[in-house]
Amino acid sequence: MKVVPPREGADGAVLRISCRREISYSIVHPARAVLDPAAASLSGMVEGRPVLLVVDRNVNRLFGNHLSAYIRQHLDCVGKVIVEGSEQRKSWHQVQRICSHAVRRGLPRDGVIVAFGGGVTLDLAGMAASLFRRGVAYLRVPTTLVGMVDTGIGIKQGFNFRSRKNILGTFYPPIGVINDIRFLATLTQAELSCGVAEIIKMGMVRDGALLALLEENAERLLRSRFQSSSGLAMRVLLRAERVMMEELEPNLFEQCQARLADFGHTFSQGLERASGYEMRHGHAVALDMLLSTGIAVRRGLCSATLFDRMVHLYRASGLPLTSPIMQPETLLGSAHDARLHRSGDLNLVVPVEFGRATYLQDLTREDLEYSLAMMEQAADEQWLSRTASAGI
């Protein structure tokens, strides 16, 4: 911290204060299940402080008894809030409910809000933690693959407002994250595929070797629900997390708004909104990535072979190749919203090759129509036999 002595100028005396804040937190992968009575990962991070739990309703249905047993043995729990973890319910009302519980239960300034759930639950709890008493400690326990490789890693949280996804939010770091891969055993294939889309995202822009791992093993990982005894699932998870952390760390507060992590996040929010938030976030991201790759092919920035390899990986991962709501007007509107969010720049992330990407600052209807035609063709079953015969 530095306070500069007063100086005289045309505007009179001026004082200036300068302060740097160090941010550090860990993502822990416990050897024992996080709710195992003998496990210390959760109680160790909380360190005896009063806790308010925020739990996704479905997670509470599946693990509520285990959670209650753990609380009785290890935590000073002042209360538990059950939230709806759907994108349609990611609202100020739910954030307010969490804050109301914190007030009624007397959560102190040194208390901890602990969130169990997917990305929506983590966002809601993080928002409440950033607001309550101007900020109380916050611990994330993701229970979905998206939560583990994406939402749980950075310092952002938000909620939807006036039909705009995450238009209100904060930058607020957690005190830690506990990624227990055992939770993934309860997920549907569709939910897991959303997380795979986020792993593909980071592989496409930063780590070609991660994509190669997925190309070879995506079907096996999904079939086992990331519970493979060989350690493959943990290898993929750790690599995906590390790549995301390396990308975010130099720019945690997004002072630079050209971000490789925004691959798949220029058109996806508009698709989710157009679907009434029925489309899963990971599936919208997947469609956005494929659309952006088709645009890169049209611009001569990457080869059509790269697009075809993505399609094969999507098929293996259970990801969509097209959607009827992908209309040029919707997509151009999404691009306009992205410019507003990025201070006037489009910063459309497009791949150059596996593991490397660049940015586009302009977009035409012709770009979109070309890429949409590629996606429609890829969704045709006849495409699969043609590319197979070509050895792709």
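The values are calculated or read from the model by the stated rules, or taken from the named source; none is laboratory data. Please read all numbers here as calculations on a predicted model, not as lab measurements. Positions of Cβ are backbone-derived with ideal geometry, glycine not excepted, and every protein chain shown enters the neighbour counts.
Quick notes
- When residues of region 51-81 are limited to those that are surrounded by fewer than 16 Cβ atoms within 10 Å (Cβ to Cβ) and among the hydrophobic types (A, V, I, L, M, F, W, C), the one farthest from the chain's Cα centre (by Cα): 69
Residue-wise test of (1) in contact (Cβ under 8 Å) with a residue 24 or more places away in the chain; (2) under 11 Å from residue 145 (Cα atoms); (3) polar (S, T, N, Q); (4) in a helix (DSSP H, G or I).
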position: 173; (1), (2), (3), (4): yes, no, no, no
position: 177; (1), (2), (3), (4): yes, no, no, no
position: 185; (1), (2), (3), (4): yes, yes, no, yes
position: 193; (1), (2), (3), (4): yes, yes, yes, yes
position: 200; (1), (2), (3), (4): yes, no, no, yes
position: 210; (1), (2), (3), (4): yes, no, no, yes
position: 217; (1), (2), (3), (4): no, no, yes, yes
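Per-residue answers, yes or no, for (1) closer than 21 Å to residue 157 by Cβ; (2) under 17 Å from the mean Cα position of the chain (by Cα); (3) surrounded by 17 or more Cβ atoms within 10 Å (Cβ to Cβ):
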position: 200; (1), (2), (3): no, yes, yes
position: 209; (1), (2), (3): no, no, no
position: 212; (1), (2), (3): no, no, no
position: 259; (1), (2), (3): yes, yes, yes
position: 264; (1), (2), (3): yes, yes, yes
position: 271; (1), (2), (3): no, yes, yes
position: 277; (1), (2), (3): yes, yes, yes
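- Number of the exception - residue 166 against (1) outside any helix (DSSP H, G or I); (2) on the phi < 0 side of the Ramachandran plot; (3) surrounded by fewer than 22 Cβ atoms within 10 Å (Cβ to Cβ); (4) polar (S, T, N, Q): (2)
- Whichever residue in region 284-322 is surrounded by fewer than 20 Cβ atoms within 10 Å (Cβ to Cβ) and hydroxyl-bearing (Ser, Thr, Tyr) and, among such residues, is nearest to residue 225 (Cα to Cα): 322
- Counting only residues that are surrounded by fewer than 24 Cβ atoms within 10 Å (Cβ to Cβ) and either within 15 Å of the chain's Cα centre (by Cα) or part of a loop (DSSP other than H, G, I, E, B) (or both), region 116-145 holds 2 of them.
- Residue match in region 95-106 (condition: in contact with a strand residue (DSSP E or B) (Cβ under 8 Å, 6 or more places away or on another chain), of a type in the set (Gly, Ala, Ser) and either outside any helix (DSSP H, G or I) or in contact (Cβ under 8 Å) with a residue 40 or more places away in the chain (or both)): yes
- Yes/no for residue 261 being hydrophobic (A, V, I, L, M, F, W, C), more than 16 Å from residue 358 (Cβ to Cβ), modelled with pLDDT of 95 or more and in the same structural domain as residue 198 (by TED's automatic domain parsing): no
- Residue satisfying condition, being under 21 Å from residue 194 (Cβ atoms) and of a type in the set (A, V, I, L, M), within set 114, 78, 59: 59
- For residue 113: the one exception among (1) of a type outside the set (Asp, Glu); (2) part of a helix (DSSP H, G or I); (3) crowded, with 20+ Cβ neighbours inside 10 Å: (2)
- Subset of region 239-276 [in contact (Cβ under 8 Å) with a residue 12 or more places away in the chain, farther than 27 Å from residue 323 by Cα and polar (S, T, N, Q)]: 257
- Among the residues of region 154-163, the ones that are within 15 Å of the chain's Cα centre (by Cα) and either farther than 28 Å from residue 26 by Cα or part of a loop (DSSP other than H, G, I, E, B) (or both) come to 2 in all.
- Residue in region 15-32 that is buried (at least 18 other Cβ atoms within 10 Å of the Cβ) and either of a type in the set (Ser, Thr, Tyr) or assigned to a helix (DSSP H, G or I) (or both) present: no
- Test: residue in region 201-212 that is touching a Gly at 6+ places or on another chain (Cβ under 7 Å), under 19 Å from residue 375 (Cα atoms) and modelled with pLDDT of 95 or more: yes
- Per this entry, residue 34 is counted among residues that are among the β-branched types (Val, Ile, Thr), in the same structural domain as residue 113 (by TED's automatic domain parsing) and either touching a strand residue (DSSP E or B) at 6+ places or on another chain (Cβ under 9 Å) or modelled with pLDDT of 95 or more (or both).
Conditions (1) closer than 18 Å to residue 361 by Cβ; (2) hydrophobic (A, V, I, L, M, F, W, C); (3) outside any helix (DSSP H, G or I), marked per residue:
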| position | (1), (2), (3) |
| --- | --- |
| 273 | no, no, no |
| 311 | no, yes, no |
| 314 | no, no, no |
| 329 | no, no, no |
| 333 | yes, no, no |
| 340 | yes, yes, no |
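- For region 246-258, the set of residues classified as touching a Gly at 6+ places or on another chain (Cβ under 9 Å) and either part of a helix (DSSP H, G or I) or in the same structural domain as residue 156 (by TED's automatic domain parsing) (or both) consists of 248 only.
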